[in-house]
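Step one of this worksheet: look at the structure below.
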Amino acid sequence: MVAYFGCCIFCDECQLIGLVDREFSMIDDIDFSKKYEYNVDVYHDDLGELGNATLSFGAGNLVHLHFKNWLSCRALEDEKTHRIVKAKTSNNEFFTLFDCVLSHSTLYANYVIAGDVTDEFKCIEIRYSNISEWFMSDQGLKGEIGKTLKWVNTTQQFFVSVKTNEEEFSLTSKSMNSITQSGENYSINEHILFSFERLDARFAVQDVKDKAYELSNFLSILIAYPLSIVSIQVECENERTHCAYFPTFKKVERDESKNNFWLECLISKSELDGKWQAIFENYYKSVYRKISWFRLAGMQRYEGFWEYKTLGYVTLLDKYVTEFSKANGLKTTIPGNGNIKKLGTELTKIKPSINDNLHNRIMKIADSIFSKKREPNFIEKYEFTMNATNSDIVKIINLSAADFKRIKDLRDAIAHGHALEMTDNDYDRMPVIVAKIALLLTYWAFIDFGLKSDDFMNCLTRNHNQLRRRADPDLVHLARIRNPEKFFMISQEEFEKISRVRNFLLGACFTEDAQGALQYSEQHAETCQKWWKNSSKKTGRIYAHKDIFSVKKKQLKIVYDAYVECGDKQLVCSPLYIFTDSISSSSGDILAQSNSG
């Protein structure tokens, strides 16, 4: 508790003798999700005292002062922007409101900061919802209560510096922790703050919102989940910190009783360690940051009418491929009419004849004059961009030409207000196609940030992520790229044989000859099936070679999540048992596992 001395907030005499601390504030926390209301006296540096009002803000609502007597605010002009207005509670809690506009007896503001401050800040610190669970997913407590408890596998923080044509700043992550007691219970809280510090000047109040959105958009795309602001603090020149608020999106609700949020994120934090400097530099210098990535992050929290969601994502796709094709030189022309060909024919008849070099120059000039240039259409730009995209990613996301044509036609109909001709299958398929577009745009964002196609494919193996699940990617091709050693080709005859076997997956057993060819083993399959159906089978740790098949360990290799295929037909086997006389050490390192699941 800090004592306060002084007589009035703006008394010139008290300011001169130092009894009034204009930057004092007792508000030490503003939670963006909560509502706040204060009875305040309102002041303006030039207009003086404006009267009593109710200050309200929070929970996504606008910052506003409602004057109890409309005559008290008559000094303010309606619809005129007042840069700064100050307010004070009876408990000497100060607020500074920025960018204020009066409408009747209510003054609306874009920002409020708890304290008597100016429009210059050294530092901006932001806390987001959910991100701490992801950031510290590997961290935990070790020890014994009553003796020693300590953090283990503490998360690696980052420090980056960014310089653009407009500004230079640093960005740091840091852990904040506290212990609270309620009766006999003690609670430990640790969360991550992200701190921006301006290196070439000072932040203005507009930067508070800009920086909060820039970082939340960036992180939201990486984890494929919309982040919300929990709180923001700004630091002034005198190193005092003040809470800030502006109206923004409400928090996306989730079941926080489940401690597995990090599993639902597209990318793991550990995959970004050591790369933060490069990816932040790429993000802030990207030409797509404001026109594509801000909107992509914003669409993550959209839960309205499906037509508008379709319109939004296809429009984002259209904009991205437009900018990409323009930057990479896609040009389209309409060839000139048949008269150019006639010109070429007539040139060959000239006597004396002209040489080939002159002939070609004349034809090139004629073509440039009579051919008409035009802008590429959406389909051409989309195909151009897809051809430049990693072919394995294209196959994995699996947005077919038919899918693209269907959703483009729907987008056009929605945009022009036409009636939609939809089948039941279309209604089922549309959400999947939209999710595929969202996943494709997210991949392009990853590449734009400086990550690799392999990084993104690794993310797609995280099957708890909702975007990945909704997009229904081609998991067979993903597995083929990530784990080619788990694919086994068999003959047409063998595939037809196992297709007729009842409960084949209960005993997927093959023998391997010297050339590596696989043949289905009915003998081993029967042994395996009998073992699984035996109610008295051994529990606990199981050694398949010994407990099920009674063979030497080196004669059996086990492959989990394996694919047995013939042409374009596959069967997934987990586990797949392969019996052989010898296993190379390298194959054993990759595939052999001694315990059966």
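The values are calculated or read from the model by the stated rules, or taken from the named source; none is laboratory data. Predicted model only: the values in this text are computed from it and were never measured. FYI the Cβ positions are ideal-geometry reconstructions off the backbone, even for glycines, and counts take in every protein chain you see. In case anyone asks, the SASA skips ligands and DNA or RNA and just uses the protein heavy atoms, side chains included. Shrake-Rupley method; radii C 1.70, N 1.55, O 1.52, S 1.80 Å.
Restricting attention to region 227-239 and to residues that are surrounded by 15 or more Cβ atoms within 10 Å (Cβ to Cβ) and not hydroxyl-bearing (Ser, Thr, Tyr), the residue that is farthest from the chain's Cα centre (by Cα) turns out to be Cys236. Selection of region 357-384 for residues being under 30 Å from Leu451 (Cβ atoms) and open to solvent by 80 Å² or more (accessible area, probe 1.4 Å) yields only Glu383. Any chance region 487-505 includes a residue that's surrounded by fewer than 16 Cβ atoms within 10 Å (Cβ to Cβ), within 43 Å of the chain's Cα centre (by Cα) and at positive phi? Yes, that holds for at least one residue.
Of the residues making up region 252-310, not one is touching a strand residue (DSSP E or B) at 6+ places or on another chain (Cβ under 6 Å) and either over 22 Å from Gly450 (Cα atoms) or among the basic types (Lys, Arg) (or both).
Residues in region 296-325 that are within 30 Å of Gln157 (Cβ to Cβ) and not hydrophobic (A, V, I, L, M, F, W, C) were compared, and the one that is surrounded by the most Cβ atoms within 10 Å (Cβ to Cβ) is Gln300.
Note on region 271-295: residues that are part of a helix (DSSP H, G or I) and either of a type in the set (Asp, Glu) or open to solvent by less than 70 Å² (accessible area, probe 1.4 Å) (or both) total 15. Give the number of residues within region 385-425 that are open to solvent by 60 Å² or more (accessible area, probe 1.4 Å), closer than 28 Å to Val476 by Cα and out of contact with any Lys or Arg (no Cβ under 8 Å at 6 or more places or on another chain). Count: 9. Among the residues of region 241-270, write down those that are surrounded by 13 or more Cβ atoms within 10 Å (Cβ to Cβ) and part of a helix (DSSP H, G or I). Matches in region 241-270: Phe261, Trp262, Leu263, Glu264, Lys269. Kindly indicate whether Thr511 is surrounded by fewer than 18 Cβ atoms within 10 Å (Cβ to Cβ) and at pLDDT 90 or above. Spelling it out, Thr511 is indeed surrounded by fewer than 18 Cβ atoms within 10 Å (Cβ to Cβ) and at pLDDT 90 or above. Restricting region 458-480 to residues that are closer than 19 Å to Leu571 by Cβ and aliphatic (A, V, I, L, M), the residue that is surrounded by the fewest Cβ atoms within 10 Å (Cβ to Cβ) is Val476. Consider region 196-223 and keep the residues that are in a strand (DSSP E or B) and of a type outside the set (D, E, K, R). The one that is surrounded by the fewest Cβ atoms within 10 Å (Cβ to Cβ) is Phe203. Every listed requirement among (1) under 17 Å from Asp273 (Cβ atoms); (2) in contact with a strand residue (DSSP E or B) (Cβ under 6 Å, 6 or more places away or on another chain); (3) polar (S, T, N, Q) is met by Asn153 save one, (2). The residues of region 180-195 that are of a type outside the set (Val, Ile, Thr) and open to solvent by less than 90 Å² (accessible area, probe 1.4 Å), listed by number, are Ser182, Gly183, Ser187, Asn189, Glu190, His191, Leu193, Phe194, Ser195. A residue that is more than 23 Å from Ile229 (Cβ to Cβ), open to solvent by 60 Å² or more (accessible area, probe 1.4 Å), touching a strand residue (DSSP E or B) at 6+ places or on another chain (Cβ under 7 Å) and assigned to a loop (DSSP other than H, G, I, E, B) occurs somewhere in region 58-69.
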